[in-house]
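Chemist: The structure is given below, and queries will be raised subsequently.
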């Protein structure tokens, strides 16, 4: 039987009907499975992310968010979507029936991905942070120190490991001292090179903190060698804010008050009287007053600061402008700083974006009243029973050495200084081919300062003896730079190549003049009519001018393979007019490698906790030419001490004679640096960097004694010595808590540096020991020095006798031999900060400190002389702790000046505006609220430099009546942003 033929079959009509029903059901089912999603993609702070991608993984269908972060996409139910944005963790979601049609997503930042895309300035270009091989620290503009910052470098205080910024005085017009990984010179400037928007060697105060977008600090030679003979002290690259593809108006302002945070504890009038009674001092004179001379000099300072910014831009062009005003009254009467600054910058594309132009203009005007620092010594000296004024309202005067009325000194003087800064930049980028770009950068910086002083005929110091004294000064410098370079950048496969090479020309011109006159019949002219003075003296009028040029060629190669192995090599060749004839050109090479270990396959098992691990190593040579100055390699004539009689004219004339020996071998100081670093990221919450470095500076410049003859002058500037710095650094940043409502972030920077002078002499030039830290001018200390510059010691080493106490007669017991009794170099420095947010509230604090550094409390040494009473005042702390003889310089006065300063504390509340990028933040801020220290002076943060000396060699770490009190400040402010 044929079973096939007898098998029952479904009629074709039924088969057709079943097929139609199946298709209809499938269509119905398909229509029901489609879901339309809309929403907004933002970051964890609620800021919209334009350009975020929403991808349906199964179909590869995708859309991107618009400029407000909004999106719309149709997705099949049951499929998965991925929402991603560069620098953030990808958000994955499965679409089903319960998924709301409005799906708003807040993306979390990814430390690893941010490193991969974040651009860092490296000099003549930018690199991805993940590709860096050198030691570079970055501080974003929002992370700079907040509050009243009169000097821009103060905004970096405690923010960068290894960067010490010392603000040694509370004077609002004073700057700060910067040291990166220790000083490298004895006679040259030890501050890092400052680069603003690609312009090197700029005055850092041309830019205001609120205009800064980011600061990149180049530390090791592999990063700084691109700047050649100016990179030995590190490089600080400032990138300012520019126009963006949106429009906004921002305003920030604050106002507050300040008071002296600390004063010396001297005897009050009643304590002085008690001391006189208890010690039966018969010749003591009680003038009947009750005067705190320190507080008589002080005032409650008032400050205000206002910043207005305007930004507008699009795809083809953009513009940003800002205007700032600052008025900061010091806590000492008559002192204040007033600053008006402006900035305008713009960009313009042309030729279908093949050509781009960037222009920038920065300008500011400072006005301030310099202080006569002699008022502090007088305020410590004066008998507290002396009243400030006589009964007739005139200033009280009591005869005596260093006994002038300090309030009179403050009042009966007029000192007005004014400084103008201007920086103009013009940059062009031309896309020559697909991967080749040509860049030209032109700049002009002009700084000018004028000073005016008048001491009237009735002024106690100089005014009466000179019968009125007036002075006017003017100085300026102009720096013009032109740089052109080519940049080739290409990625092919796993290879990433970037090659840069160029040429630079710099010209610096400085000049100035001054005039002074005394002998005025009237005080009405003040300093405005020097010709009214009748006393003429040699040196009353002077002028000067100088010029230098620097020509350079430079190049750099960056190569990366598979985001795992990186190589950087740089070289720069500098030719300077400052160098001697035998060393007109110098070459500065560097090389560095890096290995991103976490990108290796054998590290896959650690992805859940070790999100980034990178090893770096580099070596290079940089230079420092600031110690040479202009014309130092040449023989120079100057006005001699003697004059001669010219029989032809029948007049006496000034004689000219050599004042400087020529040195054809004069050259830059060179610093060779080795650096090893490790970058890491843990659990995508903790990021950090550890660095080890060694710096060896050779050919140190110093002025040596030379024999006469054969030399015409008894001194010569020469390259002889060697100096070393070795240290470690650690930077940590941790997002301890991070969710939509509450965040807790903390950061820490730590630096430890050890400095040592390796060599000072050779066969030609000898200087076994250089005495520094002069105490000349202090009572009984004529021609005495407190420090030595010597081999195997650090700069700022205190050298003296050990103090063992007092004998029965109250005399000091001192060691017979001299030895090292202290060191101004800190064992380590640190900075720390914490920031909290809860919904719209924010709370933050910052602090910084130096530890293991010593200081000479020369103020206490002078005030602790038992012979001062009853004529002069004495500290309360030494009331019962005196010897019977005048104090001698010894270890008794060397104190541990370690400190930790609570720098800022702020509390704020932000009011957002719905459907807008606008927001308003109100806050309160406290600055310098507390200092933890064991130092007995007014403040442990002793300046490293004094006056015009910027080397840190003359008298670092000496507290010598430089007691301008540091202010404690309380202010309220607001930040407002209006944008779209």
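The values are calculated or read from the model by the stated rules, or taken from the named source; none is laboratory data. Note that the structure is predicted; figures quoted are calculated from it, not measured. Neighbour counts run over all protein chains shown; Cβ positions are idealised from the backbone, glycine included.
Chemist: Does residue 340 satisfy being surrounded by fewer than 17 Cβ atoms within 10 Å (Cβ to Cβ) and within 24 Å of the chain's Cα centre (by Cα)?
Modeler: Spelling it out, residue 340 is indeed surrounded by fewer than 17 Cβ atoms within 10 Å (Cβ to Cβ) and within 24 Å of the chain's Cα centre (by Cα).
Chemist: Consider segment 365-417. How many of its residues are in a strand (DSSP E or B) and either surrounded by 15 or more Cβ atoms within 10 Å (Cβ to Cβ) or touching a helix residue (DSSP H, G or I) at 6+ places or on another chain (Cβ under 7 Å) (or both)?
Modeler: Count: 8.
Chemist: Any residue at all in segment 261-268 that is touching a strand residue (DSSP E or B) at 6+ places or on another chain (Cβ under 7 Å), surrounded by fewer than 17 Cβ atoms within 10 Å (Cβ to Cβ) and either at pLDDT below 95 or assigned to a strand (DSSP E or B) (or both)?
Modeler: Yes, that holds for at least one residue.
Chemist: Let me ask something else about it. Of the numbered conditions (1) within 23 Å of the chain's Cα centre (by Cα); (2) part of a loop (DSSP other than H, G, I, E, B); (3) closer than 29 Å to residue 970 by Cα, residue 254 fails exactly one; give the number of that condition.
Modeler: Unmet for residue 254, out of (1) within 23 Å of the chain's Cα centre (by Cα); (2) part of a loop (DSSP other than H, G, I, E, B); (3) closer than 29 Å to residue 970 by Cα: (2).
Chemist: Restricting to segment 940-971, and then to whatever is over 17 Å from residue 175 (Cβ atoms), in a loop (DSSP other than H, G, I, E, B) and touching a strand residue (DSSP E or B) at 6+ places or on another chain (Cβ under 9 Å), can you tell me which residue is modelled with the lowest pLDDT?
Modeler: 953
Chemist: Considering segment 167-179 alone, what residues qualify as being modelled with pLDDT of 90 or more and either under 10 Å from the mean Cα position of the chain (by Cα) or closer than 21 Å to residue 793 by Cβ (or both)?
Modeler: Hits for segment 167-179 are 178, 179.
Chemist: Regarding residue 162, is this residue touching a helix residue (DSSP H, G or I) at 6+ places or on another chain (Cβ under 8 Å) and surrounded by 23 or more Cβ atoms within 10 Å (Cβ to Cβ)?
Modeler: Taking the combined requirement at face value, the residue does not satisfy it.
Chemist: Have a look at 86, 81 and point out the one that is modelled with pLDDT under 85 and within 25 Å of residue 607 (Cα to Cα).
Modeler: 86
Chemist: Being over 34 Å from the mean Cα position of the chain (by Cα) and modelled with pLDDT under 80 is the filter here; which residues of segment 33-50 pass it?
Modeler: 33
Chemist: Another question, then. Assess whether residue 830 counts as being in a strand (DSSP E or B) and surrounded by fewer than 19 Cβ atoms within 10 Å (Cβ to Cβ).
Modeler: The answer is no for residue 830.
Chemist: Would you confirm whether any residue within segment 755-762 is crowded, with 18+ Cβ neighbours inside 10 Å and assigned to a strand (DSSP E or B)?
Modeler: yes
Chemist: Related question: Among the residues in segment 476-492, are any crowded, with 16+ Cβ neighbours inside 10 Å, under 17 Å from residue 415 (Cβ atoms), at pLDDT 95 or above and touching a strand residue (DSSP E or B) at 6+ places or on another chain (Cβ under 7 Å)?
Modeler: Within segment 476-492 (the criterion being crowded, with 16+ Cβ neighbours inside 10 Å, under 17 Å from residue 415 (Cβ atoms), at pLDDT 95 or above and touching a strand residue (DSSP E or B) at 6+ places or on another chain (Cβ under 7 Å)), the answer is no, since none of the residues qualifies.
Chemist: Of the residues in segment 776-792, how many are touching a residue at least 24 places away in the same chain (Cβ under 8 Å) and within 17 Å of residue 187 (Cβ to Cβ)?
Modeler: Residues flagged as touching a residue at least 24 places away in the same chain (Cβ under 8 Å) and within 17 Å of residue 187 (Cβ to Cβ) within segment 776-792 amount to 4.
Chemist: Which residues, counting only those in segment 275-324, are without any contact (Cβ under 8 Å) to a residue 24 or more places away in the chain and closer than 30 Å to residue 376 by Cα?
Modeler: The answer is 277, 278, 280, 282.
Chemist: Return yes or no: is residue 773 free of Cβ contacts under 8 Å to residues at least 24 places away in the same chain and either touching a strand residue (DSSP E or B) at 6+ places or on another chain (Cβ under 8 Å) or outside any strand (DSSP E or B) (or both)?
Modeler: Against the criterion (free of Cβ contacts under 8 Å to residues at least 24 places away in the same chain and either touching a strand residue (DSSP E or B) at 6+ places or on another chain (Cβ under 8 Å) or outside any strand (DSSP E or B) (or both)), residue 773 does not qualify.
Chemist: Would you mind finding the one in 660, 694 that is modelled with pLDDT of 90 or more and under 30 Å from residue 752 (Cα atoms)?
Modeler: 694
Chemist: Just checking, how many residues over segment 535-589 are in contact with a helix residue (DSSP H, G or I) (Cβ under 6 Å, 6 or more places away or on another chain) and part of a loop (DSSP other than H, G, I, E, B)?
Modeler: Residues in segment 535-589 being in contact with a helix residue (DSSP H, G or I) (Cβ under 6 Å, 6 or more places away or on another chain) and part of a loop (DSSP other than H, G, I, E, B): 2 in total.
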